[in-house]
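The structure appears right after this line, and notes come after that.
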Amino acid sequence: MIAIATISEKLAQNGIPTKIAQHLEALKELGGLDSLGSPKTDNMYHAAWAWAGSTPYKSTKLIGAHFGGTRQPMAVSWPKRIKADLTARPQFHHVIDVVPTIYELTKITPPRIVNGFEQDSIDGVSMVYAFGDAKVPGTRKTQFFDIMASRGIYHDGWFASAPGPREPWVGGLPKGIKEWSPLTDKWELYNLDEDWSQAHDLAATNPKKLEEMKLLFLLESTKNKNLPIGGGLWSTAMFHPEDAPASTLTEWTFDTPITRMPETAAPKLGKVDSLVAMDVDVPANANGVLYALAGFSGGITCYVKDGFLCYEFNLFEVQRTKLRSKNKLPTGKVNVEVESKLAAKIGGPMDVTLRANGEVVAQGRVPAAISLHFTGNATFDIGTDLDSPVSLDYFDQAPFAFNGTIGTTTISYSPK
């Protein structure tokens, strides 16, 4: 299962349980073991390998309490300005320090206002001071971490942390989540100057230092608008997916085809009730994508193949729901509609109806829709599929641009 572990992560984020047999079956459709490492698979490894790869640190990414998957090496090369030096720098820094470093090196004064919006203060500190001196004392004194209540605080060589209620690679509700409170979490304490891999928990032997660090975490969380602790769990698939971040719009009108609209800003197709209506000029031997959301690892596409109107709901590759009209679309001006209705709640079955000039041409039920989103980096296109192709049906023809003309597209949906 090396190549589709990222798919498993997306399934877990959307609260969709699966079995290994389903993943193996999906792999067969992609071409079997020969497809591993190809563009048809998300080439990533599973949680056990991720944990092993984080050695000697504990845990993996999405755990803010330990450095596995969080603490990474960084190499800086600038031959014209920096003399080569093989000595590793031990100073503690964070990714927010990269921008101030670039600003200092390029002598850029950060803007106070951008496009009329006043900018927040920059919390990072420059790392330039360490480029020429490996032993100089570090300038980053404090840094807090919080990923859905898995949290930690660094200060002057010390690190205190609480793992939180969830293990991100485990699907379903975390054990005891309904009774969980951040006030009862067990905290850990590490002296990073002496124990950089967090091997020795000093919470029991140094309770005074631990309480000091816990208070500092609350102060930093308040300053950085990070309260309430665990608030990020609210809008997950486990609890209230209807409140997950999304555009506040419920109606869109596109006068012409568009490309690369981020999924986070695009209509939330595949999650709530929606209606897509398109004015299309259909040529003879029509082919191409009418619209597509997200990509091959999960998404929705409506397209024309050899004149037939087609639709696919790709549920993270493990389940593909495909609809196809019985007859070819008429040539000329055609109004195409795709109506999607949840049978019950978000994340449950969704009924999809395809219409051409008001006539139903295909219907079907998606067994499970999404609860949150398909991806964090894919886009919405009208008239083509510029991301990795959603459907296997036109994988080798991607981006499979529509060979007719698309006029106005209107999209409306009803948030749940």
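No lab work stands behind these numbers, since they all come straight from the coordinates. Predicted model, so just to flag it, every value in this text is computed and none were measured. Reconstructed Cβ throughout: ideal geometry from the backbone, glycine too, with neighbour counts over all protein chains shown.
Listed values, structure above:
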item: Difference of contour (0.36 nm per residue) and Cα-Cα distance, Leu86 to Leu218; result: 43.7 nm
item: Label-point separation, Tyr45 to Ala265 (7 Å along Cα→Cβ), nm; result: 3.7
item: Kirkwood hydrodynamic radius (C-alpha pairs) into Stokes-Einstein, the chain, 37 °C and 0.692 mPa s, D in µm²/s; result: 134
item: Peptide ranges 264-272, 110-118 listed from the most packed, as the mean C-beta count within 10 angstrom indicates; result: 264-272, 110-118
item: In degrees, nearest ten, helix 20-30 long axis to first principal axis of the chain (Cα); result: 60
item: Spatial separation of Cα centroids for the range 315-367 and the range 102-150, in angstrom; result: 49
item: 3J(HN,Hα) from dihedral phi, the range 115-130, Karplus parametrisation 6.51/-1.76/1.60, rounded to Hz, x for glycine, proline; result: 6, x, 9, 5, 8, 5, 5, 8, 8, x, 10, 5, 9, 4, 4, 8
item: Debye log10 I(q)/I(0) for the range 70-233, one point scatterer per Cα, at q = 0.13 Å⁻¹; result: -0.80
item: Cross-link partners of Lys135 among lysines (Cα-Cα below 17 Å; sequence separation of 8 or more within a chain); result: Lys83
item: Cα-projected label distance for Thr253 with Asn357, points at 7 Å along beta-carbon direction, nm; result: 2.5
item: Per-peptide average of other Cβ atoms within 10 Å, ordering 340-352, 298-310, 79-91, 202-214 highest first; result: 298-310, 340-352, 202-214, 79-91
item: For Trp196, Trp78, order by how many other beta-carbon atoms lie within 10 Å, fewest first; result: Trp78, Trp196
item: 14 Å tail of the calculated P(r), the range 314-353, as % of Cα pairs; result: 64
